Amino acid sequence: MQPFEIFKILSHFLLTLTLGWYLILNMQWYSYRIERVLFRHKRYQWHILYFLVPLLTYYLAGDWFWLYFYAGLLPALYFWYKKIDKKLVYTARVKRFFLFLAFGVVFEDMLCLTSHGCHLLGVILPLLFALAASYLFEKILFLGFKKEARKKLENMQGLQIVAITASYGKTSIKNFLHQILSHRYRAYMTPRSVNTLGGLMKDVNDDLPADTQVYIAEAGARERGDIDEIARFLEHHYAVVGKIGPQHIEYFKTLENIRNTKMEILHSPRLKKAFVHESAHVKPDDKVVLFGENIKNVRATLDGLSFDLELEGKTEHFEAPLLGSFNAVNITAAILVARELGMEMEEIKKAVSKLKSVDHRLQKIEAGGKLIIDDSFNGNLEGMTASYELVKSHPGRKIVVTPGIVESDEESNIKLAQKIDEVFDTVIITGKVNAEVLATHIKKAHKVILREKSKLEETLAQETAPGDLILFSNDAPTFM
């Protein structure tokens with residue numbers, strides 16, 4: 001075999017792995033859903049530049065392709081990858097995908113070389129094989145992990161399970177409930193924003209302590225049936241449905257579909273009681289308790305939050321060292337569950353008065369003479385506008401850094417733009433997804449459109465000064 005032939009075989013192997021790397025990176029971003037990578041991607045130009053063009057050039061350019069591959073494609077991918085903020089995590093699933101891909105490439109090349117029937121080694125078939133084999137293998141593993149997790153839950157005698165869902169606020173409700181219940185019980189909550197069936201199964205198998213008395217689980221969804229699967233897996237005793245709104249409307253199409261999906265949380269065969277926010281528009285019954293209207297006199301400042309709650313025929317007053325009026329709803333949901341689980345009112349009030357904020361949800365930081373409010377995990381219209389009202393009283397200049405509302409509709413972003421104009425002196429728009437609509441409808445505030453998030457620190461140094469308030473309002477990864 002000639003040296004150039006060996007070079008082409010090895011380069012073909014590297015090319016296939018490169019395209020596979022781009023593919024699995026995008027799959028990881030979109031929860032390993034190929035249909036979302038194909039039809040819901042926000043940066044289709046990347047597909048063209050880093051997948052379609054290399055593929056077509058390989059089949060059409062002959063031996064000249066390798067000059068483009070080594071001198072053009074690989075350096076371009078390197079610099080592109082340095083700029084994006086959500087890198088590939090080399091999980092066991094990703095490593096298995098590369099093993100399947102490598103096997104597919106080697107097997108195809110051996111067939112071609114032994115038969116002398118291939119003038120050009122294929123790229124598409126190894127990629128399709130790796131996708132199919134990975135999907136099948138992960139499905140088999142998934143069923144095994146699910147059975148193992150169910151067995152563990154069944155063997156934990158006396159365990160009480162609380163499942164929480166909402167369009168927004170579910171992670172805060174989970175954290176607040178965990179902090180309150182920990183004053184009396186051995187409570188455990190799912191970490192970070194783990195809220196898929198696969199994530200919950202892994203959490204149960206790997207991290208749920210055997211002596212847990214109350215397991216608090218978050219349930220999220222991207223399509224109908226997702227929460228139903230979680231409910232029938234957990235078989236939880238208590239459910240919380242927080243505020244419902246048009247978050248992820250692009251997936252569900254209508255608000256009614258969102259409501260119906262969230263209400264799948266009631267499908268647990270062991271459900272004793274569900275606490276449902278009034279925005280769900282359901283009727284109360286023996287198991288369903290509505291809340292929302294019973295929250296009164298909410299007062300939110302940069303120093304904290306207070307509100308009254310009509311509960312059990314009495315008006316109870318609560319104070320918390322948290323920012324944001326919307327947290328009154330989230331805390332109320334946690335209070336209702338804590339009462340149902342037997343905690344005394346004074347015990348709950350004491351716990352509420354010591355609540356700590358959730359990371360990246362209206363966290364207050366002071367640095368370099370500037371007041372920084374990190375609300376980068378708050379991504380809905382109501383929560384974001386509430387945070388704008390909160391910072392309105394700041395006497396100095398106010399700067400907001402935001403990509404707008406991601407996975408929502410244009411109408412919501414127009415309303416957000418109008419609120420930004422009302423409150424802020426400067427807006428730094430990050431990300432591409434809402435840049436046009438925000439820039440069009442923000443009329444008064446000074447606008448800075450940041451094309452590359454890597455330049456945010458430099459931009460803030462130029463646009464801000466001591467005495468300013470800087471609000472990080474929502475965040476979006478580079479691929480959005």
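Any read-out appearing in this document is the output of simple, stated calculations on the displayed coordinates, not a laboratory observation. Keep in mind the model is a prediction, meaning the values are calculated, not measured. When we count neighbours, we look across all protein chains shown, and the Cβ atoms used for this are built from the backbone with ideal geometry, even at glycine.
General observations
- Amide H to amide H distances under 5 Å link Lys370 with Gly467, where only residues 5 or more positions off or on other chains count and H is placed in the peptide plane.
- Per residue of the chain, the DSSP helices (runs of n ≥ 4 H) give a summed -39500 (n - 2.57) that works out to -14000 deg cm²/dmol at 222 nm.
- Here Glu310 and Glu389 are evaluated by their C-beta separation; at R0 = 25 Å the FRET efficiency comes out at 0.55.
- Cut-off 13 Å between beta-carbons: net charge of the residues surrounding Glu422, Lys and Arg +1, Asp and Glu -1: +3
- Computed from backbone phi with θ = phi - 60° and the Karplus coefficients 6.51, -1.76 and 1.60, the 3J(HN,Hα) list for the range 369-386 is x, 10, 9, 10, 10, 8, 10, 6, 9, 9, x, 10, 4, 4, x, 5, 5, 5 Hz; x is used for glycine and proline.
- Highest mean packing first, where packing is the average number of other Cβ atoms within 10 Å per residue, the peptides 23-35, 369-381, 66-78 line up as 369-381, 23-35, 66-78.
- Amide H contacts under 5 Å for Val289, placed H, 5+ residues apart: Ala274, Phe275, Val276
- Three-way shape call for the range 156-352 based on the alpha-carbon gyration tensor, with the a/c threshold at 1.5: oblate
- Simple Cβ-charge dipole of the chain, Lys/Arg +1 and Asp/Glu -1, about Cα centre, in debye nearest 20: 420 debye
- 3J(HN,Hα) from dihedral phi, the range 47-63, Karplus parametrisation 6.51/-1.76/1.60, rounded to Hz, x for glycine, proline: 4, 5, 5, 10, 9, 5, 4, x, 5, 5, 5, 4, 7, 10, 8, x, 6
- Added length on full extension, which subtracts the Cα-Cα distance from 0.36 nm per residue, Val448 to Asp303: 49.2 nm
- The amide H of Ala476, built 1.01 Å from its N in the peptide plane, has no neighbour under 5 Å, considering only residues 5 or more places off or on other chains.
- Full-extension gain in nm, Tyr81 to Lys151, via 0.36 nm per residue minus C-alpha separation: 21.0 nm
- Spin-label model distance (nm) - Ile365 vs Glu293, 7 Å beyond Cα toward Cβ: 4.2 nm
- Helix axis angle, 410-423 relative to the chain longest principal axis, alpha carbon, degrees: 60 degrees
- For the range 50-118 and the range 243-302, distance of Cα centres in Å: 46 Å
- The chain: antiparallel DSSP beta bridges as a percent of all, rounded to 5: 30 percent
- Shape category assigned to the chain from the gyration tensor of Cα positions, a/c cut at 1.5: oblate
- Karplus-derived HN-Hα couplings along the range 222-236 (A = 6.51, B = -1.76, C = 1.60, θ = phi - 60°), whole Hz, x at Gly and Pro: 10, 7, 4, x, 4, 6, 4, 4, 5, 4, 6, 7, 6, 6, 5
- In this calculation the C-beta distance from Glu223 to Asp409 is compared with R0 = 25 Å, giving a FRET efficiency of 0.90.
- Helix 327-340 and the long axis of the chain differ in direction by around 70°, with both axes built from C-alpha atoms.
- Three-way shape label, the range 3-140, alpha-carbon gyration tensor, a/c 1.5: oblate
- In terms of packing, defined here as the mean over residues of other Cβ atoms within 10 angstrom, the peptides 281-292, 431-442 line up highest first as 431-442, 281-292.
- Here r is the Cβ-Cβ distance between Ser353 and Leu67 and R0 is 60 Å; the resulting FRET efficiency, rounded to 0.05, is 0.30.
- Based on Cα contacts under 8 Å between residues 6+ apart, the chain shows a relative contact order of 11 percent.
- Summed residue charge, Cβ within 9 Å of Leu197's Cβ, Lys/Arg positive, Asp/Glu negative: -1
- Local charge for Phe233 was computed over the other residues whose Cβ lies under 10 Å away, with Lys and Arg +1 and Asp and Glu -1, and equals 0.
- Spin-label model, Glu35/Ala461: points 7 Å from Cα along the beta carbon direction are separated by 4.7 nm.
- Entries of Lys202/Lys419; Lys272/Lys354; Lys146/Lys350; Lys87/Lys146; Lys364/Lys444; Lys370/Lys444 with Cα pairs more than 32 Å apart: Lys202/Lys419; Lys146/Lys350
- Relative to the longest principal axis of the Cα atoms of the chain, helix 197-206 runs at roughly 80 degrees.
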